[in-house]
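See structure below.
The values are calculated or read from the model by the stated rules, or taken from the named source; none is laboratory data. Quick caveat, the model's predicted, so the values are computed rather than measured. Here the Cβ positions follow ideal geometry from the backbone for every residue, glycine too, while neighbour counts run over all protein chains shown.
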């Protein structure tokens, strides 16, 4: 039974007993009896009025409880004139004002935090309690190269970076190198939230900073090396040439003259060797102009056609019907494409030599005889993409992450200049690129997206 019915029952029973007693005492005195009955009715009316005064604060608390439960902090009550009730209303209104201000402050902080996470240059991935991605900002989505990742586990994301992050244990930090092109500093952290462990990942791209530091480091070394070598070889060649021209006039000294010429040529080769390194640090900023990639590919294919035919390699073209036009430095792009095509030819030639050894050992002879070698050059639009593919030896997984490192080369006489030059040029043009070998087909692709 509610408080209301208990109060009504008590008041009615009390007044009924009083009425009966008054009747027993004053039934012979009708005037007094009627007067007492009137007072009894007045008491009953006042009791109900007093009940309403008692009930109002209860109704007030009930209404306030519903408003707080529904998180409606806009409802406030006006004073009633009753001291006790007005004190209760004042406390309630003050509490509602505090709750409304606190919620507004919390919402502003949450909005600020969401915007801070979303626009932060550092990639942030926040997991839920089931280790699924709940929040991921734009930077992290770009680094993972996958837009729809919410609700997935990191293991289910196809990105190579995601696979490397899954290898990290809690509270571990590591430097991750992807395909020898991009480097990331990744940290996997775990915190207790609402009594349960919750993980988040911080990803910072260090490619630009590392490349800048690398270039400053090897640039100083190359400049010093080129200066010393060129000064020395120039003076030495001058002395050797003077001796060959004036001090060895007799015919019987021909052998010595030849030896001097060999030394002069070797010095020139050494100078060319150092100049190749110096060309990398002397690479200027791009001088942009309108470049038609189809025309550039045709030009470079014709340039290397004779060299390719000499190695029994067929150059195939798959050019976009629409003209893929970009704003770039034509000379620098020619250098990039020349290096890539030359590497493709050398890769196929190395494979052909390897097959010749197999053929000599009568291993896979029929397969070797029927195999044909190709270099495929293709272009695309929307977005503009240039791809060079070859079916040469391919890239070993162990060397993949070192491909674009300074002075790294898999060739016996390689200087590690070609891909480093490609990296510098393409980074200066803001292009993304990768060099991979398909494990299933064996084809190697150098893909550049502008």
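A few points about this structure:
Okay, residues lined up against (1) loosely packed, with under 12 Cβ neighbours inside 10 Å; (2) at pLDDT 80 or above; (3) farther than 30 Å from residue 11 by Cα:
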{"site": "60", "(1), (2), (3)": "no, no, no"}
{"site": "82", "(1), (2), (3)": "no, no, no"}
{"site": "86", "(1), (2), (3)": "no, no, no"}
{"site": "89", "(1), (2), (3)": "no, yes, no"}
{"site": "100", "(1), (2), (3)": "no, yes, yes"}
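- Verdict on residue 105 being modelled with pLDDT of 85 or more and surrounded by fewer than 11 Cβ atoms within 10 Å (Cβ to Cβ): yes
- Yes/no for residue 403 being under 26 Å from residue 324 (Cβ atoms) and either part of a loop (DSSP other than H, G, I, E, B) or at pLDDT 85 or above (or both): yes
- Within the stretch 275-298, the residues that satisfy the criterion of being touching a helix residue (DSSP H, G or I) at 6+ places or on another chain (Cβ under 8 Å) and either at pLDDT 90 or above or closer than 27 Å to residue 355 by Cβ (or both) are 289, 291, 296, 297.
- Among the residues listed as 430, 414, the single one being at pLDDT 75 or above and over 14 Å from residue 337 (Cα atoms): 430
- Identity of the residue in the stretch 6-23, within 12 Å of residue 48 (Cα to Cα) and at pLDDT below 80, that ends up farthest from the chain's Cα centre (by Cα): 8
- Candidate set: the stretch 176-194, residues that are over 18 Å from residue 126 (Cα atoms) and assigned to a strand (DSSP E or B); chosen: the one modelled with the highest pLDDT: 176
- Contacts under 8 angstrom Cβ, first residue in the stretch 298-311 being assigned by TED's automatic domain parsing to the domain that holds residue 348 and within 16 Å of residue 388 (Cβ to Cβ), partner loosely packed, with under 13 Cβ neighbours inside 10 Å and modelled with pLDDT of 90 or more, 6 or more apart: 308/314
- Taking every residue in the stretch 102-117 that is part of a helix (DSSP H, G or I) and pairing it with any residue that is surrounded by 11 or more Cβ atoms within 10 Å (Cβ to Cβ) and at pLDDT below 85, at least 6 positions away or on another chain, the pairs with Cβ-Cβ distances below 8 Å are 103/73.
- Subset tally (residues that are part of a loop (DSSP other than H, G, I, E, B) and surrounded by 14 or more Cβ atoms within 10 Å (Cβ to Cβ)) for the stretch 132-175: 10
- Each residue in the stretch 13-47 was checked for being under 30 Å from residue 58 (Cα atoms) and touching a residue at least 12 places away in the same chain (Cβ under 8 Å), and 6 pass.
- Residues within the stretch 382-400 that are surrounded by fewer than 15 Cβ atoms within 10 Å (Cβ to Cβ) and either outside any loop (DSSP other than H, G, I, E, B) or at pLDDT below 70 (or both), tallied: 3
- Residue that is nearest to residue 292 (Cα to Cα) [pool: residues in the stretch 323-334 that are surrounded by fewer than 16 Cβ atoms within 10 Å (Cβ to Cβ) and in contact with a strand residue (DSSP E or B) (Cβ under 9 Å, 6 or more places away or on another chain)]: 325
- Test for residue 73: is it under 60 Å from the mean Cα position of the chain (by Cα) and either surrounded by 10 or more Cβ atoms within 10 Å (Cβ to Cβ) or under 30 Å from residue 106 (Cβ atoms) (or both): yes
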